[in-house]
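Below you'll find the structure, written out as structure tokens, and then a few comments.
The values are calculated or read from the model by the stated rules, or taken from the named source; none is laboratory data. Fair warning: this is a prediction, and the values are worked out from it, not measured in the lab. Heads up, the Cβs are rebuilt from the backbone with ideal geometry, glycines too, and the neighbour counts pull from every protein chain shown. Note: areas computed on protein heavy atoms with side chains; ligands, DNA, RNA excluded. Shrake-Rupley method; radii C 1.70, N 1.55, O 1.52, S 1.80 Å.
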Amino acid sequence: MNGIAYLYGAFLLLLSQLELSRQYPQSNSVTDTDRNDVPRSGPLDDSYVVGVIEFRPELLNMEIRQRTELHLAAYEELVQSENATLVDIIVFSELTLNTLSDPVYVPDPQEHSVPCQEGALDVLSRLSCLAAKVGKYIVINLSEIFDCEPATEDDPRPCGPHGFHRYNTDVVFDRNGAVIARYRKFNLFREPGTNITHLPELTTFETDFGVTFGLFTCFDLLFAQPPLELVKRDVKNFIFPAMWISETPFLTATQIFESWAYANNVNLIASGTNYDPAGSTGTGVFNGRNGAVFSFMTGEPTRQLFAVRVPKISDSLSPKLITSSDDCLALPCVTSGRKHGKLLENIRMGQDVLEQYTTMQINPQQYHDEIGQIICNGDFCCDFSLTLTVVPDRDITHHYRFAVFDGVRSFQGYAFAHISTCGIFACRNESITSCGLPMHENSNYLEFNEIRISGKFIANGTLVMPNSLDDMLHSLDADQYQFYSSVNYSTNQQDVQLMLYSTVANLQTFAIYAFNHKNFEFFNPIEPPAAETTTESPYTGTDDENENGGAQLTISEPKTLLLVLLVSLVVLRFRLGTTLQQLER
């Protein structure tokens, strides 16, 4: 019956394609092409293609304008590369174009102006011309200069001494090179000389392939404004240029990107700066509760565009449309999966102050194969249970601890946040100072078969997320765990559960991680998965009867159905081909 089901699905797919080609001849047909005659995604498609770029900037030991020119030339090369052929929208990473020493003016998107001028050498004009030349949306991050007005009631900030502000700004060009969106980063991290807007900007833009994107940048991810405000407004797709400084054990780049996208059930398109002096890397596409479509971390100097097909997310959970492929065999192509980077040990990382956590070492030999424990940090408690397998006579390479924390933490003094955490993380030895440090190998002696973590978290204003990390600095696949929260609005609590139900030997982190945003109205219940049901045959005779009389009916009908489907598929395929040929003319 599996073969018949497959044929029936193909029959329905061909039928739907034929109907769409009749009703919407300009959508997803071979005539809907860009300037290079490559098919574009359309509003009726269930996916679109994005080009995410991991980009290594030049060091700051050269003349600034020369550095910017080298970056711009590299941008142009990537946008026009074979890798970019199939993409609809290209996203560059944070702080990889110009600097505060050579900022540029950005027009108001409401003017819908096209900065492109043939032969012009300025940055914005060349990028506008580039977008128009290739016929693609392009998102860049740059240093912007803005002439400020005297203080007003709407914006009481004084102008700078020279009469202008400088911003860390995302700019979006459409397929014709027009500036259609501009977002100025609101939550800065180690960015002296950069201003923020008086109030956070809520920036979105629409595309011709039926997707509305929200914009925010790097450190914004950890705050309510603007990201969660856009989520509340039902934005389902986000562009996210980043120069992320990874921190173990909970905030390495793609680890927290995937956690955030999962908890909000949105697409997060993250393009990461590749810069080892700052310990920066991390690029990926994260498809809500389906997890990563593509994920990449590396310690190797990299400038690369990855073309990734992104399933659109509807109000209900989207099906997982993408299968993994480590490498493209030929160009143009799209890629997917968790790409293992090189030289991971070279990535510089920060470390959380784990001494302020309440922790307990896990001693599997003492508890045999099942361990249960309740641990509290102040009034905040977490319930842990796990089953594991210990291989005897093996060296102990990984030590693990239960860990609980609820309180305010500092991000190197640049910002503060209230977090709540229930988790398990790996340590190199029995000292707490060795915990959370990257370990790029499997545990030789211990496997986790099942982990259950639960706790009661603040409900209003809290983004609670599943958080995991393996030895290659990737999160666990979404189909390896379950995560849900049940909100009690009267008590302002949510019961949160995270369950691992596949055997893992390379675990570094497995946790519930939450940001509590005070004075921000936000509830995010995550329903448990629906119980699986099985459809039984209406015939309930004995096995002998099914092998004889009962089987006569269930064998003869598939043969007839199979013949009908095969004939229908041939006819439909012919009609679809004819329709497409007519459209080409």
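Keeping to region 494-517, report how many residues are β-branched (Val, Ile, Thr) and either free of Cβ contacts under 8 Å to residues at least 24 places away in the same chain or open to solvent by 60 Å² or more (accessible area, probe 1.4 Å) (or both).
Taking region 494-517 as the starting set, the residues that turn out to be β-branched (Val, Ile, Thr) are 496, 503-504, 509, 512.
Narrowing further to those that are either free of Cβ contacts under 8 Å to residues at least 24 places away in the same chain or open to solvent by 60 Å² or more (accessible area, probe 1.4 Å) (or both): 503.
Residues meeting the conditions: 1.
Listed conditions (1) within 26 Å of Asn141 (Cα to Cα); (2) touching a helix residue (DSSP H, G or I) at 6+ places or on another chain (Cβ under 8 Å); (3) modelled with pLDDT of 95 or more are all met by Asn36, apart from (3). Out of the residues in region 269-287 meeting the condition of being surrounded by fewer than 24 Cβ atoms within 10 Å (Cβ to Cβ) and of a type outside the set (D, E, K, R), tell me which one is nearest to Val211 (Cα to Cα). Among those residues, the one meeting the criterion is Tyr275.
Taking the residues in region 406-444 that are among the charged types (D, E, K, R) and part of a loop (DSSP other than H, G, I, E, B) as candidates, determine which candidate is nearest to Ile362 (Cα to Cα). That would be Glu430. Identify all residues within region 75-105 that are of a type outside the set (S, T, N, Q), out of contact with any strand residue (DSSP E or B) (no Cβ under 6 Å at 6 or more places or on another chain), within 27 Å of Pro39 (Cα to Cα) and assigned to a loop (DSSP other than H, G, I, E, B); write none if there are none. Across region 75-105, there are no qualifying residues.
Whenever a residue of region 144-165 is at positive phi and free of Cβ contacts under 8 Å to residues at least 12 places away in the same chain, it has no partner that is open to solvent by 100 Å² or more (accessible area, probe 1.4 Å) and part of a loop (DSSP other than H, G, I, E, B) lying with C-beta atoms less than 9 angstrom away and at least six residues away or across chains. Could you go through region 179-202 and let me know if any residue there is within 29 Å of Val87 (Cβ to Cβ), in contact with a strand residue (DSSP E or B) (Cβ under 6 Å, 6 or more places away or on another chain), modelled with pLDDT of 95 or more and among the polar types (S, T, N, Q). No. Taken together, Thr491, Thr462 contain a single residue that is open to solvent by less than 60 Å² (accessible area, probe 1.4 Å) and either more than 17 Å from the chain's Cα centre (by Cα) or touching a residue at least 12 places away in the same chain (Cβ under 8 Å) (or both), which is Thr462.
Can you pull out the residues in region 460-505 that are part of a strand (DSSP E or B) and hydroxyl-bearing (Ser, Thr, Tyr)? Answer for region 460-505, where residues must be part of a strand (DSSP E or B) and hydroxyl-bearing (Ser, Thr, Tyr): Thr462, Ser468, Tyr481, Tyr484, Ser485, Ser486.
Of the listed requirements (1) farther than 18 Å from Met360 by Cβ; (2) at pLDDT 95 or above; (3) charged (D, E, K, R), Arg452 misses just one: (1). Within region 106-125, the set of residues being assigned to a helix (DSSP H, G or I) and surrounded by fewer than 20 Cβ atoms within 10 Å (Cβ to Cβ) comprises Pro109, Gln110, Glu111, Ser125. Somewhere in region 304-319, is a residue hydrophobic (A, V, I, L, M, F, W, C), under 15 Å from the mean Cα position of the chain (by Cα) and modelled with pLDDT under 95? Yes, region 304-319 contains at least one residue that is hydrophobic (A, V, I, L, M, F, W, C), under 15 Å from the mean Cα position of the chain (by Cα) and modelled with pLDDT under 95.
Within region 205-224, residues that are within 15 Å of Leu95 (Cα to Cα) and open to solvent by less than 10 Å² (accessible area, probe 1.4 Å) have Cβ atoms under 8 Å from residues that are of a type in the set (A, V, I, L, M, F, W, C) and in a helix (DSSP H, G or I) in these pairs: Phe216/Leu230, counting only partners at least 6 apart in sequence or on another chain. Looking at region 411-442 only, could you name the residues that are buried (at least 23 other Cβ atoms within 10 Å of the Cβ) and of a type in the set (S, T, N, Q)? The answer is Ser420, Thr421.
When you scan region 327-351, how many residues do you find that are at pLDDT below 90 and either touching a Ser or Thr at 6+ places or on another chain (Cβ under 8 Å) or part of a strand (DSSP E or B) (or both)?
Applying the first criterion (at pLDDT below 90) to region 327-351 yields 327-333.
Narrowing the set further to residues that are either touching a Ser or Thr at 6+ places or on another chain (Cβ under 8 Å) or part of a strand (DSSP E or B) (or both) leaves 327-328, 331-332.
Result for region 327-351: 4.
Report yes if Arg401 is touching a residue at least 40 places away in the same chain (Cβ under 8 Å), out of contact with any Lys or Arg (no Cβ under 6 Å at 6 or more places or on another chain) and surrounded by fewer than 18 Cβ atoms within 10 Å (Cβ to Cβ), otherwise no.
Values: touching a residue at least 40 places away in the same chain (Cβ under 8 Å): yes; out of contact with any Lys or Arg (no Cβ under 6 Å at 6 or more places or on another chain): yes; surrounded by fewer than 18 Cβ atoms within 10 Å (Cβ to Cβ): no.
No; evaluated as a whole, the condition is false for this residue.
Only residues that are over 27 Å from the mean Cα position of the chain (by Cα) and crowded, with 16+ Cβ neighbours inside 10 Å were counted in region 179-193, giving 0.
In this structure, does Ser410 turn out to be out of contact with any Cys (no Cβ under 9 Å at 6 or more places or on another chain) and without any contact (Cβ under 8 Å) to a residue 40 or more places away in the chain? So Ser410 fits the description; yes.
Going by what's in this entry, would Thr212 be described as on the phi < 0 side of the Ramachandran plot, in contact with a Leu (Cβ under 8 Å, 6 or more places away or on another chain) and modelled with pLDDT of 95 or more? I'd like the intermediate steps shown before the answer.
Working: on the phi < 0 side of the Ramachandran plot: yes; in contact with a Leu (Cβ under 8 Å, 6 or more places away or on another chain): no; modelled with pLDDT of 95 or more: yes.
It is false that Thr212 is on the phi < 0 side of the Ramachandran plot, in contact with a Leu (Cβ under 8 Å, 6 or more places away or on another chain) and modelled with pLDDT of 95 or more.
Within region 445-456, residues that are part of a strand (DSSP E or B) sit with their Cβ atoms under 7 Å from residues that are among the aromatic types (Phe, Trp, Tyr), at 6+ positions apart or across chains, in these pairs: Glu450/Tyr501; Ile451/Phe510; Ile453/Phe384.
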